[in-house]
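The values are calculated or read from the model by the stated rules, or taken from the named source; none is laboratory data. The structure displayed is predicted, hence computed values, not measured ones. All Cβ positions, even for glycine, are placed from backbone atoms using ideal geometry, and neighbour counts span all protein chains on display.
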């Protein structure tokens, strides 16, 4: 849509010129001049399109895996999937209302779980980073997941909220709890008392210190022996396809070549 608008704006002066000054195009000299103008505009348009493609390529490279600087993240006590003995740990900072986080959940996470988490090679840790300024329902949704976790259903709530990002309003959260068979009064009390709000803000604070500026953001590192923290060696920002994660995992899991 943006490129169509751009092309329309490029051609607009020509259209106006032809309508407002019909006499300009009369005669061979006028016609040739007009053709030169049109050709010049086409060349400029192609040049701009090429520059836009180069900018997009640069942005893709900038948003892909990179090496962080001295980032150590706590993983103890945070929701996790996979073996504690996994060589690698993947830490995600996410927002339940973020559409890009939802895309990652639907399109990429299932493949990561199938090939790396369930096979014991990667431990997956989830941490909250609700963008309150633009996603008004994300913080309470994070509380809802933690409240469900008190009843042993954290991941079920996590998956349910991401699967239906249009139903995150405060009034809709108890319905999710009932659908999962939770103790409804206990769940509601947990929400009302904001029992887990401080822990979510701690996630946000540690994420900001680690350099998180948007969601989803991922840190990949070698699992520490005590399992309480991970030193990140790669960062992936954005809802990248499975291939980006696979490349990062395989490069760290493969033995170094002599």
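Things to note:
- Every residue from the stretch 85-104 that is closer than 14 Å to residue 249 by Cα and not in a loop (DSSP other than H, G, I, E, B): 88, 89, 90, 91
- Set 152, 214: member being in the same structural domain as residue 81 (by TED's automatic domain parsing) and in contact (Cβ under 8 Å) with a residue 12 or more places away in the chain: 214
- Qualifying residue in the stretch 127-149 (condition: crowded, with 17+ Cβ neighbours inside 10 Å, over 28 Å from residue 189 (Cα atoms) and either in contact with a helix residue (DSSP H, G or I) (Cβ under 8 Å, 6 or more places away or on another chain) or without any contact (Cβ under 8 Å) to a residue 12 or more places away in the chain (or both)): no
For (1) within 24 Å of residue 90 (Cβ to Cβ); (2) in contact with a strand residue (DSSP E or B) (Cβ under 6 Å, 6 or more places away or on another chain); (3) surrounded by 15 or more Cβ atoms within 10 Å (Cβ to Cβ); (4) not assigned by TED's automatic domain parsing to the domain that holds residue 132, each residue gets a yes or a no:
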site	(1), (2), (3), (4)
156	yes, no, yes, no
186	no, no, no, no
207	yes, yes, yes, no
230	yes, yes, yes, no
233	yes, yes, yes, no
245	yes, no, yes, no
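- Pair list, Cβ under 8 Å, 6 or more apart: the stretch 160-182 residue free of Cβ contacts under 8 Å to residues at least 60 places away in the same chain and not assigned by TED's automatic domain parsing to the domain that holds residue 108, other residue assigned to a loop (DSSP other than H, G, I, E, B) and surrounded by 19 or more Cβ atoms within 10 Å (Cβ to Cβ): none
- Of the helices (runs of 4 or more DSSP H) that lie entirely inside the stretch 155-258, those containing 2 or more residues that are under 18 Å from residue 117 (Cβ atoms) span 242-253.
- The stretch 213-228: number of residues that are surrounded by 21 or more Cβ atoms within 10 Å (Cβ to Cβ) and within 11 Å of the chain's Cα centre (by Cα): 4
- Residue match in the stretch 165-178 (condition: closer than 25 Å to residue 91 by Cβ and either surrounded by fewer than 17 Cβ atoms within 10 Å (Cβ to Cβ) or in contact with a strand residue (DSSP E or B) (Cβ under 7 Å, 6 or more places away or on another chain) (or both)): no
- Of everything listed in (1) surrounded by fewer than 15 Cβ atoms within 10 Å (Cβ to Cβ); (2) farther than 14 Å from residue 95 by Cα; (3) modelled with pLDDT of 95 or more, the single unmet condition for residue 201 is (2).
- In the stretch 105-147, the residues that are touching a strand residue (DSSP E or B) at 6+ places or on another chain (Cβ under 8 Å), assigned to a helix (DSSP H, G or I) and over 25 Å from residue 175 (Cβ atoms): 112, 113, 116, 117
- Test: residue in the stretch 67-79 that is at pLDDT below 80 and in a helix (DSSP H, G or I): no
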